[in-house]
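Here the structure is laid out as C-alpha cells; the discussion comes afterwards.
Values in this text are rule-based calculations from the coordinates and carry no lab data. The shown structure was predicted, so the numbers you read here are calculated from the model rather than taken from an experiment. Neighbour counts run over all protein chains shown; Cβ positions are idealised from the backbone, glycine included.
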Amino acid sequence: MSKKPEKATLTAAMIEEQTAAFLKAGGTIEYVGKGKSGRINATGSKQIDLKAGR
C-alpha cells in the first residue's frame with residue numbers, strides 16, 4: 001500500500017511573509033464586514049418561486 005503525500009502546513013510566519021510580499025507587490029486588502037460576502041453577484045438572485053408557474 002502506498003502512503004499519501006503529507007500536506008504542507010502553513011505557519012503564522014509563512015502567512016505573514018506571503019501577506020507582506022502581496023502588499024509590497026501592490027496588492028490591497030479590503031475589509032469585508034461580518035456576515036457579508038466579498039463576492040459581487042451581478043446576476044441577481046437565483047431563488048425560484050415554485051408557485052409562480054401555477
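With the simple model of a label 7 Å out from the Cα in the direction of the Cβ, Lys4 to Val32 spans 2.8 nm.
Order 6-17, 26-37 from most to least packed using the mean count of other Cβ atoms within 10 Å. Walk me through the numbers before you get to the answer.
On the way: 6-17: 8.2, 26-37: 6.7.
So the peptides 6-17, 26-37, ranked by packing, come out 6-17, 26-37.
Determine the gain in length on full extension of the stretch Glu16-Ile40; use 0.36 nm per residue of separation and subtract their C-alpha separation, reporting nm with one decimal. Additional length available on full extension: 6.0 nm.
Taken along the Cα-to-beta-carbon direction at a fixed 7 Å, the label points for Leu23 and Ile48 span 4.6 nm.
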